[in-house]
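The values are calculated or read from the model by the stated rules, or taken from the named source; none is laboratory data. Fair warning: this is a prediction, and the values are worked out from it, not measured in the lab. Cβ atoms come from the backbone with ideal geometry, glycine included; neighbour counts cover every protein chain shown.
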Amino acid sequence: MNTDVDNYFVNGCGRCDDYATPNCKVHLWTEGLSELRRIVLSCGLNEEAKWGMPCYTFQNKNVVMISAFKANASLSFFKGALLQDAEGLLQKAGENSQAARLFKFTTAQEVLDAESTLRAYIFEAIEVERVGLAVEFKKVSEFDIPAEFQKVMKDQPKIKAAFEALTPGRQRGYLLHFAQAKQSKTRESRIQKCLPKIFEGKGFNER
């Protein structure tokens, strides 16, 4: 996985086989990513690589992250749900996203057009961290546990113990991943693939 921010903008995050190849998604949005980086840095945040991607922090707290995808690139606000978003620029990271909100773009001009608003949002996000606001997350007990995973935990007590030993955030990540599959066979497949990570105490997105 990439550990250098400058390298990210050249070779990508290192989380897939397209790393350091012409197929890496960062090459789809080069100019826009550059403009976005400029804007974020101008707001006084610290820049470092986390999860292979450029992450920007205030007093060691994650504020925003830059990411490149196939359909678009984005600026992700870790606690975007707490922002006012008067301009309506932000979208949920996913259907079940509770905290993160994304500004998505496909051209550098979109970034430039939104520059003043993005700066305002970033400063608001910094203030959220400065005063210590927190997103109210659903408790793990409020999530539905798929029947397929209930059966696995019942049949294999060691898996149940390992899952319960995970942090609430990691537990939520797995339950959402399992539940998003529409078919039982797909849920079963996802569960089996995740068991080694659960045993290791890792989250769904961790390597």
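Only one of the listed residues (107, 117) is more than 20 Å from residue 57 (Cα to Cα), out of contact with any His (no Cβ under 9 Å at 6 or more places or on another chain) and not assigned by TED's automatic domain parsing to the domain that holds residue 181. That residue is 107.
Can you go through 118, 45, 41, 90 and tell me which one is within 24 Å of residue 9 (Cα to Cα) and under 18 Å from the mean Cα position of the chain (by Cα)?
Just a single option satisfies the conditions, and that option is 90.
It is to be established whether one or more residues within segment 127-143 are part of a helix (DSSP H, G or I), modelled with pLDDT of 90 or more and under 28 Å from residue 30 (Cα atoms). Within segment 127-143 (the criterion being part of a helix (DSSP H, G or I), modelled with pLDDT of 90 or more and under 28 Å from residue 30 (Cα atoms)), the answer is no, since none of the residues qualifies. Based on this model, can you work out whether residue 86 counts as at pLDDT below 95, in a helix (DSSP H, G or I) and under 19 Å from residue 119 (Cα atoms)? Answer is no for this residue. Within segment 54-70, the set of residues being touching a Leu at 6+ places or on another chain (Cβ under 9 Å) and either small (Gly, Ala, Ser) or within 15 Å of residue 130 (Cβ to Cβ) (or both) comprises 56, 57, 58, 63, 64, 67, 68. Entry remark, segment 134-179: residues being under 22 Å from the mean Cα position of the chain (by Cα), among the hydroxyl-bearing types (Ser, Thr, Tyr) and either crowded, with 16+ Cβ neighbours inside 10 Å or over 24 Å from residue 207 (Cβ atoms) (or both) number 1 in total. Quick test for you: out of 117, 106, pick the one residue that is in contact with an Asp or Glu (Cβ under 8 Å, 6 or more places away or on another chain), touching a residue at least 12 places away in the same chain (Cβ under 8 Å), surrounded by fewer than 16 Cβ atoms within 10 Å (Cβ to Cβ) and among the hydroxyl-bearing types (Ser, Thr, Tyr). Within the list 117, 106, the selection yields 117. Filtered by the rule that a residue be in contact with a helix residue (DSSP H, G or I) (Cβ under 7 Å, 6 or more places away or on another chain) and part of a strand (DSSP E or B), segment 48-73 gives 48, 49, 53, 54, 56, 58, 61, 63, 64, 66, 68, 73.
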